[in-house]
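The next block holds one structure in the form of structure tokens; read it before the comments.
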Amino acid sequence: MPFRVRTSRAAAADLVSVRRWLRQPGAGERAAHRLAQINRALRDLRHTPLMWPDGEHEGTRSRSVAGHRIVYTVIDDEGAGTVDVLRVFGPGQNWDSL
């Protein structure tokens, strides 16, 4: 059974910034491809959240994709699990703000 994916307010704001940056005029094909990779990685968390390693903060996991890092937690309630996406950090961003 797929996990339910929830996005925190901070992660939603991160994604707005990422999308704005990668969709700006002149960003090109590579930026569009990166955005597609990030969106696919978020969708894939429904099926494979435990595939990615533990994060730098206790209780978190971290998936790196297209130069960005998706930080999340997994709550497994016997088949009715939930993935909480906490933040989506871009290249060079400080992850300590989690």
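The values are calculated or read from the model by the stated rules, or taken from the named source; none is laboratory data. Here the structure is a predicted model, which is why all the values come from computation and not from measurement. Cβ sites come from the backbone with ideal geometry, for glycine too, and all protein chains shown count toward neighbours. The area values use the complete protein model at the heavy-atom level, side chains included, leaving out ligands, DNA and RNA. Shrake-Rupley method; radii C 1.70, N 1.55, O 1.52, S 1.80 Å.
Odds and ends about this structure:
- The residue pairs whose first member lies in the range 51-67 and is over 14 Å from ALA41 (Cα atoms) and open to solvent by less than 30 Å² (accessible area, probe 1.4 Å), whose second member is assigned to a strand (DSSP E or B) and modelled with pLDDT under 90, and whose beta carbons are closer than 8 Å, counting only pairs six or more residues apart or on different chains, are THR60/ASP54.
- Selection within the range 54-90 - of a type in the set (A, V, I, L, M, F, W, C), part of a strand (DSSP E or B) and under 12 Å from the mean Cα position of the chain (by Cα): VAL65, ILE70, VAL71, VAL83, VAL85, LEU86, VAL88, PHE89
- Checked against (1) open to solvent by 50 Å² or more (accessible area, probe 1.4 Å); (2) closer than 17 Å to GLY92 by Cα; (3) among the hydrophobic types (A, V, I, L, M, F, W, C), ALA32 meets all criteria but (2).
- For TRP95, the requirement of being aromatic (Phe, Trp, Tyr), modelled with pLDDT of 80 or more and either in contact with a helix residue (DSSP H, G or I) (Cβ under 6 Å, 6 or more places away or on another chain) or closer than 25 Å to LEU22 by Cβ (or both) is not met.
- Residue list for the range 1-41, restricted to those being touching a residue at least 12 places away in the same chain (Cβ under 8 Å), more than 13 Å from the chain's Cα centre (by Cα) and in a loop (DSSP other than H, G, I, E, B): MET1, PRO2, PHE3, ARG23
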